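For reference, the structure is listed below as structure tokens.
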Amino acid sequence: MRLQNKIAVLTGACGGIGQAIARKLVAEGACVLACDLNTKGLEALAGELGDAVATRRVDVSDFEQVQAMVEAAVAHFGGLDIVLNNAGIGAPKPLLEHDPAQDFEGVTAVNQKGVYYGLVAGGRKLAQLGGGVIVNTSSVYGAMAAELSFTYNVSKAAVDMMTKCAALEFAPNNIRVVAVAPGRVNTPILDAYKPLGLYEHLKREQMREQLIEPEQIASVVAFLASDEAGCINGTTVEAADGFSGFKFPLLNRFQQSGPA
Ligand SMILES: NC(=O)c1ccc[n+]([C@@H]2O[C@H](COP(=O)([O-])OP(=O)(O)OC[C@H]3O[C@@H](n4cnc5c(N)ncnc54)[C@H](O)[C@@H]3O)[C@@H](O)[C@H]2O)c1
């Protein structure tokens, strides 16, 4: 088991990717403080995974709650080795239709400030305890432009840069900081594309015309959090089934079945 006796704190634990990460970490021998806004989801996760999991309602856009989350992991499990800043939201909307009073701040508060708070609070605690690993959940969209997701992409680009800068600053404290950049993963975050009539199109844009499953991302996260990834630091590791490096193969697909 890769993470035997490690203690982790995980945000966004009730989402598709978060649940898969919680299950994978426990299977690899870790204890997890699972955190989310969704208290019912947290109860279900604790019921499923038993004593290896403790839960806490945390809003990652509130620094005090993130600090308290880190303290709670240490108080409950007696230490902290791994901080997983995974919570994130999306709100697809054309930029020309944005309400600047809320559309930028809403996503930024969770995706960007949430990770920043996790880095500051998590980094301080890990430094006190002698070191550890921080894994941020970015997205391939951190390095790609896309329609409808202006604020999301900006927030994930910030996650990539925060990962680099924090790794540099935390290196003397024996803390590694890395990010995973998933492609399109089969979770509720993509449901927002359904009313826009774009959900099926998301799948067809994948090289193999299928979404990535959350368990595949969880495997990458568990690896990155483990000592096996000890030389991976200050970088974002893409887990996207080739999504970012290839142009959508319009010709064959449209010839075979027409546009989605
Ligand atoms: N699913 C994808 O296609 C995809 C692709 C790339 C990156 N990601 C990233 O993966 C991460 C997990 O997303 P997911 O696909 O599991 O989405 P999801 O919607 O299934 O889960 C997100 C979770 O975050 C929680 N959350 C939202 N706001 C929060 C807050 N303020 N404080 C604490 N928790 C909060 C939600 O309650 C939910 O349980 C996100 O950072 C997302 O941006 C997802």
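In the range 187-212, what residues are in a loop (DSSP other than H, G, I, E, B), surrounded by fewer than 16 Cβ atoms within 10 Å (Cβ to Cβ) and either under 14 Å from the mean Cα position of the chain (by Cα) or polar (S, T, N, Q) (or both)?
Hit for the range 187-212 is Gln210, nothing else.
If I ask for residues that are of a type outside the set (Gly, Ala, Ser), out of contact with any Leu (no Cβ under 8 Å at 6 or more places or on another chain) and within 20 Å of Leu126 (Cα to Cα), which ones from the range 42-72 would you list?
Within the range 42-72, Val60, Asp62, Phe63, Glu64, Gln65, Val66, Gln67, Glu71 qualify.
Can you pull out the residues in the range 134-149 that are more than 12 Å from the ligand (Cβ to nearest atom) and under 18 Å from Ala87 (Cα atoms)?
Ile134
If I go through the range 27-45 residue by residue, how many of them are more than 17 Å from the chain's Cα centre (by Cα) and more than 14 Å from the ligand (Cβ to nearest atom)?
Number of matching residues: 5.
Quick check: anything in the range 146-155 surrounded by fewer than 16 Cβ atoms within 10 Å (Cβ to Cβ) and at pLDDT below 95?
yes
Only one of Lys164, Lys203, Lys194 is among the charged types (D, E, K, R) and under 21 Å from Asn38 (Cβ atoms). Can you tell me which?
From the options Lys164, Lys203, Lys194, the qualifying one is Lys194.
Which numbered condition in (1) free of Cβ contacts under 8 Å to residues at least 40 places away in the same chain; (2) farther than 17 Å from Gly234 by Cα is the only one that Pro172 fails?
(2) is the only condition that Pro172 fails.
Could you list, in sequence order, all residues of the range 196-223 that are away from the ligand (no atom under 14 Å from the Cβ) and under 19 Å from Ile82 (Cβ atoms)?
If the condition is that a residue be away from the ligand (no atom under 14 Å from the Cβ) and under 19 Å from Ile82 (Cβ atoms), then Ser219, Ala222, Phe223 are the ones that fit.
Would the range 53-74 turn up any residue that is of a type in the set (Asp, Glu), farther than 17 Å from Ser138 by Cβ and within 12 Å of the ligand (Cβ to nearest atom)?
Yes: the range 53-74 contains one or more residues that are of a type in the set (Asp, Glu), farther than 17 Å from Ser138 by Cβ and within 12 Å of the ligand (Cβ to nearest atom).
When you check Thr108 against the structure, is it outside any strand (DSSP E or B) and either β-branched (Val, Ile, Thr) or surrounded by fewer than 16 Cβ atoms within 10 Å (Cβ to Cβ) (or both), yes or no?
Spelling it out, Thr108 is indeed outside any strand (DSSP E or B) and either β-branched (Val, Ile, Thr) or surrounded by fewer than 16 Cβ atoms within 10 Å (Cβ to Cβ) (or both).
The values are calculated or read from the model by the stated rules, or taken from the named source; none is laboratory data. What you are looking at is a predicted structure, and each value in this text was computed from that prediction instead of being measured. Using ideal geometry, Cβ is built from the backbone for each residue, glycine included, and neighbour counts are taken over all protein chains shown.
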